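Trainee: Here it is, the structure in full.
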Amino acid sequence: MRWSQYFLYTLRDNPSDAEVVSHQLLVRAGMIDKLAAGIYTYLPLGWRSIDKLVRIVRDEMVAAGSCELMMPCVQPAELWQESGRWQVYGKELLRLKDRHDREFCFGPTHEEVITDTVRRRVTSYRQLPTNLFQIQTKFRDEIRPRFGLMRGREFLMKDAYSFHTTPESLDEAYRAMEAAYRRVFDRCRLSYTAVEADTGNIGGSESHEFMVLAETGEDAVVACRCGYGANLEKATTGPIPPAPPWPGKAPAAPEAVVTPGTTSVADVAALLGLAPAHFIKTMIVETEKEFVVALVRGDDELSETKLKNVLAAVHLQLASAAKIEQLTGGAVGFSGPVGLSGVRVVADPEVMRLSLAATGANRADFHLVGVVPGRDFHPDVVADVRVARKGDPCPRCGAPLDVQRGIEVGHIFKLGTKYSAAMGCNFLDETGRTQPMIMGCYGLGIGRTLAAAVEQNHDEKGIVWPRPLSPFEVELIALNPDVPAVRDTSERRYAALRQAGADVFFDDRDERPGVKFNDADLIGFPLRVVVGKKGVEQGQVELSLRSDQVRQTVRIEEAVASVQDLLGRC
């Protein structure tokens with residue numbers, strides 16, 4: 001393809017709303033164009049990369065035994081009402097009505113539609129298992145769409161669904177999909193990890209996220225050399241080191257001490273000569289059903305995701321100052337578990353391991369010291385609700401955990417019977433009894449994967465594409481195309497490269513060399529072939545890889561063979 005015939009326009013400056021590297025570079029390289037908040041046009045160059053990724057994904061889904069179909073984007077409300085998600089999904093669900101005033105939504109996911117599709121066709125255990133996938137547009141009405149393709153409202157996604165008669169059959173498909181995802185990211189030449197994850201709005205008993213590792217990643221990933229990995233929201237640890245010994249003589253009973261205007265753990269600890277680990281941090285939260293008191297050690301943070309799972313809650317937020325005062329009798333920043341009644345208390349196990357502790361006294365400007373968990377208060381639930389930290393012991397082997405940054409690009413779930421039971425997606429087993437099908441769900445963000453590849457592969461000049469995802473593999477640049485010898489040599493090399501099967505893009509524009517080189521660096525095709533006046537006079541062309549930009553000259557007649565050799569090594 002020739003640049004002079006291609007729809008490609010690069011930008012010198014970053015767009016004003018682009019906060020992350022992938023957003024900046026994909027727009028500047030002429031690959032995507034913003035239409036509205038969180039909604040983008042894939043321009044021809046960007047669509048070539050998307051198409052290459054889709055082919056890889058399709059290959060691996062088919063190899064894993066999944067059959068491709070295409071489901072509607074617009075879905076009737078009745079299906080979502082059957083599953084129970086119409087009422088609970090929230091404002092991310094784009095709801096609309098047709099001319100007959102019937103309610104629909106623009107699908108953010110397709111569990112309801114696929115369940116309806118299968119229940120009307122599969123009736124016997126002899127027809128199971130089955131596995132279906134599609135690659136299609138979704139829409140989630142994000143409150144703050146940002147980061148370009150990383151958190152858009154409209155996005156391209158591969159979603160697959162499997163249906164089974166037994167948990168063992170589901171596990172077999174789940175592992176096959178997990179292996180297929182690994183092959184996809186291996187073929188894309190991306191550095192990634194698979195981690196245990198929360199199931200979120202989708203639901204289910206087990207899930208894993210696939211994270212492309214990048215310093216700019218928006219998610220934190222906990223990992224251990226033994227192979228354990230989890231999203232920070234989900235990660236568990238072994239017992240952490242105990243709090244240091246209590247300084248001085250231990251009080252026989254909780255004592256109130258004055259801490260005027262001091263609400264943070266760090267400030268109160270400094271005032272009282274204690275360590276943050278001596279404290280019980282008390283947070284009062286509100287769910288759709290109740291108010292709850294959550295306790296973690298003073299040097300820990302509360303994991304809202306873990307707490308939501310413990311409470312089986314859909315929504316969770318910090319309680320208002322007025323409600324905190326009503327429940328505890330004290331101001332915000334002075335709450336504690338001692339003496340509370342009429343409210344459920346959830347304590348992290350590390351809180352219950354404290355031999356002595358300090359906490360809020362439920363009185364403005366006062367804290368209690370000498371509190372003994374299990375003696376001075378009794379939680380209703382003891383459960384892991386803390387956020388794991390770098391250096392915490394691995395729950396499997398005890399080695400220190402590491403925390404890395406990652407970008408979620410894939411998520412697989414064991415759904416169980418959540419949708420099939422609610423929607424009557426049943427089969428007759430060998431004994432003739434009716435049973436709900438057991439389901440799995442497997443999502444992969446196509447646009448997110450492309451953006452993640454850029455986040456992981458770029459430098460100060462632009463994108464450095466992994467070869468499998470690059471829009472074109474080779475860029476042929478004609479310097480001074482007005483010079484007949486340069487023009488003729490470039491045309492012959494272009495024809496020869498195409499004849500040899502090279503995926504080549506020919507910059508034949510009448511532009512200054514600096515403009516061409518800057519654009520080449522920005523767009524980041526893996527291999528560059530430069531034809532210039534001086535080189536042609538010497539019977540040579542210049543080759544370089546975008547990854548290292550080391551230049552080498554080869555004889556003109558050897559250019560095609562040299563390109564093929566270099567491509568085989570990149």
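Trainee: Select from segment 457-489 the residues that are at pLDDT 95 or above and polar (S, T, N, Q) and write down the one among them that is farthest from residue 502 (Cα to Cα).
Mentor: Filtering segment 457-489 for residues that are at pLDDT 95 or above and polar (S, T, N, Q), the one farthest from residue 502 (Cα to Cα) comes out as 457.
Trainee: At pLDDT 95 or above and either in contact with a Lys or Arg (Cβ under 8 Å, 6 or more places away or on another chain) or charged (D, E, K, R) (or both), is that true of residue 541? It would help to see each step written out before you state the result.
Mentor: Details: at pLDDT 95 or above: yes; either in contact with a Lys or Arg (Cβ under 8 Å, 6 or more places away or on another chain) or charged (D, E, K, R) (or both): yes.
For residue 541, the condition - at pLDDT 95 or above and either in contact with a Lys or Arg (Cβ under 8 Å, 6 or more places away or on another chain) or charged (D, E, K, R) (or both) - is met.
Trainee: Can I ask one more? Could you tell me whether residue 472 is surrounded by fewer than 23 Cβ atoms within 10 Å (Cβ to Cβ), touching a strand residue (DSSP E or B) at 6+ places or on another chain (Cβ under 9 Å), closer than 22 Å to residue 568 by Cα and touching a residue at least 40 places away in the same chain (Cβ under 8 Å)? Explain how you work it out, then say what you get.
Mentor: Values: surrounded by fewer than 23 Cβ atoms within 10 Å (Cβ to Cβ): yes; touching a strand residue (DSSP E or B) at 6+ places or on another chain (Cβ under 9 Å): yes; closer than 22 Å to residue 568 by Cα: yes; touching a residue at least 40 places away in the same chain (Cβ under 8 Å): yes.
Against the criterion (surrounded by fewer than 23 Cβ atoms within 10 Å (Cβ to Cβ), touching a strand residue (DSSP E or B) at 6+ places or on another chain (Cβ under 9 Å), closer than 22 Å to residue 568 by Cα and touching a residue at least 40 places away in the same chain (Cβ under 8 Å)), residue 472 qualifies.
Trainee: Let me ask something else. Residues of segment 312-335 being under 14 Å from residue 285 (Cβ atoms) and more than 24 Å from the chain's Cα centre (by Cα), which ones?
Mentor: Correct list: 318, 319, 320, 321, 323, 324, 327, 328, 332, 335.
Trainee: Next up: Would you be able to tell me the number of residues in segment 383-400 that are small (Gly, Ala, Ser) and within 18 Å of residue 306 (Cβ to Cβ)?
Mentor: Step one: filter segment 383-400 for residues small (Gly, Ala, Ser), giving 383, 388, 391, 398-399.
From the residues that got through so far, the ones that are within 18 Å of residue 306 (Cβ to Cβ) too are 383, 388.
Selection size over segment 383-400: 2.
Trainee: For segment 116-148, which residues satisfy the criterion of being in a strand (DSSP E or B) and charged (D, E, K, R)?
Mentor: Pass one, segment 116-148, residues in a strand (DSSP E or B): 124, 130-139, 146.
Selection gives 138, 146.
Trainee: When you look at residue 522, is it at pLDDT 95 or above and either basic (Lys, Arg) or in contact with a Leu (Cβ under 6 Å, 6 or more places away or on another chain) (or both), yes or no? Please lay out each step first, then the result.
Mentor: Values: at pLDDT 95 or above: yes; either basic (Lys, Arg) or in contact with a Leu (Cβ under 6 Å, 6 or more places away or on another chain) (or both): no.
For residue 522, the condition - at pLDDT 95 or above and either basic (Lys, Arg) or in contact with a Leu (Cβ under 6 Å, 6 or more places away or on another chain) (or both) - is not met.
Trainee: Is there any pair linking a residue in segment 174-191 that is touching a residue at least 60 places away in the same chain (Cβ under 8 Å) to one that is among the hydroxyl-bearing types (Ser, Thr, Tyr) and part of a helix (DSSP H, G or I), with Cβ under 9 Å and at least six apart or on different chains, and which?
Mentor: Correct list of pairs: 184/449; 185/449; 188/449; 190/449.
For every residue, the table says whether it meets (1) among the charged types (D, E, K, R); (2) in contact with a Cys (Cβ under 7 Å, 6 or more places away or on another chain); (3) farther than 30 Å from residue 420 by Cα; (4) assigned to a helix (DSSP H, G or I).
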site	(1), (2), (3), (4)
432	no, no, no, no
442	no, no, no, no
453	no, yes, yes, yes
468	no, yes, yes, yes
472	no, no, yes, no
477	no, no, yes, no
482	yes, no, yes, no
485	no, no, yes, yes
488	yes, no, yes, yes
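Trainee: Does residue 511 satisfy being of a type in the set (Asp, Glu), under 25 Å from residue 4 (Cα atoms) and in contact with a Lys or Arg (Cβ under 9 Å, 6 or more places away or on another chain)?
Mentor: So residue 511 does not fit the description; no.
Trainee: While we're here: Find the strands (runs of 3 or more DSSP E) located wholly in segment 36-98 whose residues include 1 or more that are free of Cβ contacts under 8 Å to residues at least 12 places away in the same chain and surrounded by fewer than 16 Cβ atoms within 10 Å (Cβ to Cβ), and list them.
Mentor: Working: elements: 39-42, 74-76, 94-97.
Here the list reads 39-42, 94-97.
Trainee: In segment 403-423, what residues are in contact with a Lys or Arg (Cβ under 6 Å, 6 or more places away or on another chain) and surrounded by fewer than 18 Cβ atoms within 10 Å (Cβ to Cβ)? Write out each step before concluding.
Mentor: Restricting attention to segment 403-423, the residues satisfying the condition of being in contact with a Lys or Arg (Cβ under 6 Å, 6 or more places away or on another chain) are 403, 409.
Once the filter is applied, which keeps residues that are in contact with a Lys or Arg (Cβ under 6 Å, 6 or more places away or on another chain) and surrounded by fewer than 18 Cβ atoms within 10 Å (Cβ to Cβ), segment 403-423 yields only 403.
Trainee: Anything in segment 263-276 that is within 25 Å of residue 343 (Cα to Cα) and crowded, with 16+ Cβ neighbours inside 10 Å? List them, or say none.
Mentor: So in segment 263-276, the residues within 25 Å of residue 343 (Cα to Cα) come out as 263-265.
Across segment 263-276, the qualifying residues are 263, 265.
Trainee: Checking the condition assigned to a loop (DSSP other than H, G, I, E, B) and of a type in the set (A, V, I, L, M), which residue from 559, 502 passes? So that I can check it myself, show each step before the final result.
Mentor: Values: 559 fails: assigned to a loop (DSSP other than H, G, I, E, B).
Within the list 559, 502, the selection yields 502.
Trainee: What number of residues in segment 496-515 are surrounded by 12 or more Cβ atoms within 10 Å (Cβ to Cβ) and farther than 21 Å from residue 45 by Cβ?
Mentor: Filtering segment 496-515 for residues surrounded by 12 or more Cβ atoms within 10 Å (Cβ to Cβ) gives 496-498, 500, 502-509, 511, 513, 515.
Filter once more, keeping what is farther than 21 Å from residue 45 by Cβ: 496, 500, 513.
Matching residues across segment 496-515 total 3.
Trainee: Take the residues in segment 519-535 that are touching a residue at least 24 places away in the same chain (Cβ under 8 Å) and part of a helix (DSSP H, G or I); name whichever of them is surrounded by the most Cβ atoms within 10 Å (Cβ to Cβ).
Mentor: Within segment 519-535, the first condition is being touching a residue at least 24 places away in the same chain (Cβ under 8 Å), and the residues that meet it are 519-533.
Pick out the ones that are also part of a helix (DSSP H, G or I) and you get 519-523, 533.
Numbers: 519: 22, 520: 20, 521: 18, 522: 18, 523: 25, 533: 13.
Going through the qualifying residues, I end up with 523.
Trainee: What is the one condition in (1) modelled with pLDDT of 95 or more; (2) in a strand (DSSP E or B) that residue 422 does not satisfy?
Mentor: For residue 422, the exception is condition (2).
Trainee: Suppose we filter segment 430-446 for residues that are of a type in the set (Gly, Ala, Ser) and over 24 Å from residue 175 (Cα atoms); how many remain?
Mentor: 1
Trainee: Quick one: count up the residues across segment 419-455 that are more than 21 Å from residue 208 (Cα to Cα) and within 26 Å of the chain's Cα centre (by Cα).
Mentor: Summing the residues that are more than 21 Å from residue 208 (Cα to Cα) and within 26 Å of the chain's Cα centre (by Cα) in segment 419-455 gives 2.
Trainee: Still on this model: Between residues in segment 8-27 that are at pLDDT 95 or above and residues that are among the small types (Gly, Ala, Ser) and part of a loop (DSSP other than H, G, I, E, B), which pairs lie under 7 Å by C-beta distance while being six or more apart or on different chains?
Mentor: Close Cβ pairs (under 7 Å, with a partner that is among the small types (Gly, Ala, Ser) and part of a loop (DSSP other than H, G, I, E, B)) amount to 8/30; 9/30; 10/29; 10/30; 24/18; 27/18.
Trainee: Follow-up question, since we're still on this one. Could you check how many residues of segment 536-570 are closer than 15 Å to residue 470 by Cα and surrounded by 21 or more Cβ atoms within 10 Å (Cβ to Cβ)?
Mentor: Qualifying residue count, segment 536-570: 1.
The values are calculated or read from the model by the stated rules, or taken from the named source; none is laboratory data. Treat the numbers as computed from the prediction; the structure is a model and nothing was measured. With ideal geometry, Cβ positions are generated from the backbone for all residues, glycine too; neighbour counts draw on all protein chains shown.
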